[in-house]
Every structure is written in C-alpha cells, then in structure tokens.
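Below is one structure, written out as structure tokens; the observations come after it.
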Amino acid sequence: MIKDVFQGLESVATIFKNKEVLRPSYVPDILPHRKKQIKELASILAPALRGETPSNVFIYGKTGTGKTAVAKFIGKQLVEKGKELNVNTNFVYINCEIVDTQYRVLQNVTNHFIKVWDDRVPFTGWPTDEVYSRLIHSIERTKGVAVIVLDEVDKLKGDEILYNLSRLNYDLGRARTSIIGISNDLKFTEFLDPRVKSSLGEENLIFPPYSADELCDILGERAKQAFDPKRLDGQVIPLCAALAAQEHGDARRALDLLRVSAEIAERSGEERVLERHVRMAENKIELDRVTEIVRTLPIQSKIVLMAVIIGEEHYEGLTTGEVYNIYRDLCKRGGINILTQRRVADLISELDMLGIINARIVSKGRYGRTREIEIAAPMKIKDVLERDDAMPDLEAYKPPLQSKLL
C-alpha cells in the first residue's frame, strides 16, 4: 500500500508562473479588443455615479467572447469610482446556471447587502414575498445604486424573477437598481412575457466572436503573467488561437487549450510547451466536453444515444427506424416510458446539433428519404452511459434483424 501518494510530486518543477490567470474566472486588468464594448457599457452605467438610475442592459454573444469579463471589469471600476466620488455603488453578480430559481436569486442578491451572518436569508424556507421585502429593505439602506448582473440569464426558471427585479425601482425610494442580463441566445427576449419585456426596457450590446489574430493578442497578454518567456514554443499561441477561432472565436477555449497544453507538458517532465502538446490538449478537451454533455443528458436522450451506439455496432447504414426499434427494446427492458417515433426523431436532431452524432438525410429512391445515423464523438461515451444507474440492463441484449429494402 502506498502511504504517501504525493511524495515527491510537490517538488516537481513547474512550467507555470501563475496558472490562475488562464482560468475563465480570472478578470484581467487589460481586455484586448473589447475597448468599444467597455466604453458602451460604461456610458450606460455612468448615471449610477451621479446617483441616477442606469438603463437595464442585455449583453449577447457566443461563449468566450468576453461578455462576463467585461461586465465584471466594469463592475469593479464602477465600485472603485463610486468610492472615489463618495457615491454608494454596488455590483452584484449572479450566475443563473447555478442560481436558477426566483427564491435563490432573491436570496443571493439580498445577502449581498447583509453583512451580519445571523440576519441573512436562509437557503430555503421563507415565503418569496418576505424575501422580496427583505431585499427592498436591504437595498434601500444603501441609499445608492445597485447593478445586478444575471449571467446565463436564459437559464432562469420562469419569467417572474425578471419581472420582479425589473420593478424594484417602483418599490424603492432612496436607492436605485439596474439589471444587466448576459446570454448566448440572441433570441432570448423574444420568448419573454410581454409585461417583462416592457418592464425591462432594455438596451442591447452585441459581442462579436474574436478572430485568430485577436485571440493571439489575448493569449499573449495572459501568457506574460502565466509563464516565463522561454517556456512556450513560438507556435503554441498561434496554434491555440487558430483552433479556438474555428470554434466561433472562443477565448475561453483558447485559454483552456493553452493551460491544458502546459499541464500535459509539465506532467511529462518537459520544460517547454510544444505544438504536439497543443494537439494532445485538443483531443483531451474535446473528449472531456463530450463526456460532460453525455453525462448530463436527460434519460430519454441517453437511451436514444445508446440505441445509436448499439445499432452502429450491428448494422450498416443505420436509419431512424432501426434506432427507434432498438430504443423501444431498451425502454421495455428498463421499464421506461416509450416516446413516439416522431419525438425520438426530434431527440436525434438534438444530439446531431450537439455534435455527438451525425444524422444526414439520404434518398432511398421510390422508398422515400430517411436519415443515416452514425456516432460523431469518441466511443468512450458508451462507458459513460453504461455507468449511469438509470440506464436499462444491456446484458445479453441483441438488436432486431436489420430491415432490408425489397
């Protein structure tokens, strides 16, 4: 038995000078190629420094385009400038992917203003209207302006919370609030209740994807803090930027590639990060991404995906009908409700959009058209599905004979 699994590992030479600057959560002092967006957001929030109510703002853009970083950067500057001008400004950041219900949002925002632990709103248990009243009271005591950021705002469950937050100013007397919503979905507000849209009266900011050259600049700035100059091969940053630019100009992916490349080099006992480490990192990140997507799929989607995997192992030119036959068998074995073939076809389309499978339409002549389906992601996803306790038992299962066109 190994007594000390970390023996000798803590003293291994590290490639990193400061790894944390490569994390998505890190907000740098310099945000290359976002000067225009910073100026626009600053001009919208500037009234807060005069004690006036800023407009509500919705920020849109694909993942990794700097939306959260810019919002946090402006928030930090706003609070500092408020102290300098002796104006009480507050900045509250909520990630709605984690805090997604009305109660939890109200609780988190309220507790931001309550410094005494015993007075804080509990995790659960209070009536929502009581939490709302405590929120009004807490903000009112500041006699200032509070900017509330709702990141991943499209993940909120229901419109009620947006409606209540947007109407805070009607219930406040000496204080003011402004809402910043951040979303990857450009059409998010189209599906909101009309009264919510009316109350928000939002301004919109669009963040375009980064180009490969812009990503090079971003990585270059972070690399200055993360590594000693001699640790990176000259091709590492351009390659990370080029690969991320293919994925809609995602700075988060570029940073992950650089960080994971360095971690791979470090674990291999090498002193420099090379191009081959980036290629290895790309494969690792892609596998991890697909694994996480598969792990969090609803059970019906998991069964459809398993049906595709089984079908591909036994059939040539796997069709939607054959996937449905296997899916139906698996549901019966697991005692799970069987969806209609139309609904299963929709789930196949969703898996196709996620990039886990490829479903292309092919013509069968006088027999019409169908979709041929194949796995696009690494086959390791079968292991992920088999480890799920909710999945049907597949022992000794054989799919039906493949249908043949006459």
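Odds and ends about this structure:
One line per residue, one yes/no per condition, for (1) closer than 30 Å to residue 22 by Cα; (2) without any contact (Cβ under 8 Å) to a residue 60 or more places away in the chain:
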site	(1), (2)
36	yes, yes
61	yes, no
108	yes, yes
116	no, yes
145	no, no
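- You will find that of 221, 282, 271, 286, the residue that is of a type outside the set (A, V, I, L, M) and over 30 Å from residue 70 (Cβ atoms) is 271 and no other.
- All positions within region 343-362 that are over 22 Å from the mean Cα position of the chain (by Cα), at pLDDT below 90 and surrounded by 16 or more Cβ atoms within 10 Å (Cβ to Cβ): 359
- Of all residues in region 368-394 being over 27 Å from the mean Cα position of the chain (by Cα) and over 19 Å from residue 315 (Cα atoms), the one that is modelled with the lowest pLDDT: 368
- Checking residue 189 against (1) out of contact with any Lys or Arg (no Cβ under 8 Å at 6 or more places or on another chain); (2) of a type in the set (Ser, Thr, Tyr); (3) surrounded by fewer than 21 Cβ atoms within 10 Å (Cβ to Cβ), the condition it does not meet: (1)
- Residue in region 131-149 that is assigned by TED's automatic domain parsing to the domain that holds residue 80, on the phi > 0 side of the Ramachandran plot and assigned to a loop (DSSP other than H, G, I, E, B) present: yes
- Note on region 240-252: among residues that are surrounded by fewer than 24 Cβ atoms within 10 Å (Cβ to Cβ) and closer than 20 Å to residue 288 by Cβ, the one that is modelled with the lowest pLDDT is 247.
- Test result for residue 83, basic (Lys, Arg) and out of contact with any strand residue (DSSP E or B) (no Cβ under 6 Å at 6 or more places or on another chain): yes
- For residue 215, the conditions (1) touching an Asp or Glu at 6+ places or on another chain (Cβ under 9 Å); (2) under 30 Å from residue 140 (Cβ atoms); (3) not polar (S, T, N, Q) all hold with the exception of (2).
- Among residues of region 332-353 that are of a type in the set (Asp, Glu), those with a Cβ under 7 angstrom from a residue that is surrounded by 15 or more Cβ atoms within 10 Å (Cβ to Cβ) and at pLDDT 90 or above, sequence gap 6+ or separate chain, pair up as 350/301.
- Positions within region 100-130 being modelled with pLDDT under 95 and either in contact with a Cys (Cβ under 7 Å, 6 or more places away or on another chain) or among the hydrophobic types (A, V, I, L, M, F, W, C) (or both), in sequence order: 113, 114, 116, 117, 121, 123, 126
- Of everything listed in (1) in contact with a strand residue (DSSP E or B) (Cβ under 9 Å, 6 or more places away or on another chain); (2) over 28 Å from residue 241 (Cβ atoms), the single unmet condition for residue 43 is (1).
- Comparison of 287, 305, 255, 243 shows that the only residue that is out of contact with any Gly (no Cβ under 9 Å at 6 or more places or on another chain) and either within 25 Å of residue 32 (Cα to Cα) or outside any helix (DSSP H, G or I) (or both) is 243.
- Options 269, 249: the member that is touching a Ser or Thr at 6+ places or on another chain (Cβ under 8 Å), among the small types (Gly, Ala, Ser) and not in a helix (DSSP H, G or I): 249
- Residue match in region 35-57 (condition: surrounded by fewer than 22 Cβ atoms within 10 Å (Cβ to Cβ), touching a Pro at 6+ places or on another chain (Cβ under 7 Å) and of a type in the set (Ser, Thr, Tyr)): yes
- Selected residue (criterion: nearest to residue 252 (Cα to Cα)) from residues of region 19-67 that are in a loop (DSSP other than H, G, I, E, B) and of a type in the set (Lys, Arg): 23
- Residue in region 77-93 that is surrounded by fewer than 17 Cβ atoms within 10 Å (Cβ to Cβ) and touching an Asp or Glu at 6+ places or on another chain (Cβ under 7 Å) present: no
- For region 73-88, a tally of residues being closer than 17 Å to residue 38 by Cβ and polar (S, T, N, Q) returns 1.
The values are calculated or read from the model by the stated rules, or taken from the named source; none is laboratory data. Because the structure is a prediction, the values reported are computed rather than measured. Don't worry about glycine lacking a Cβ; one is built from the backbone with ideal geometry, like all the others, and counts go over all protein chains shown.
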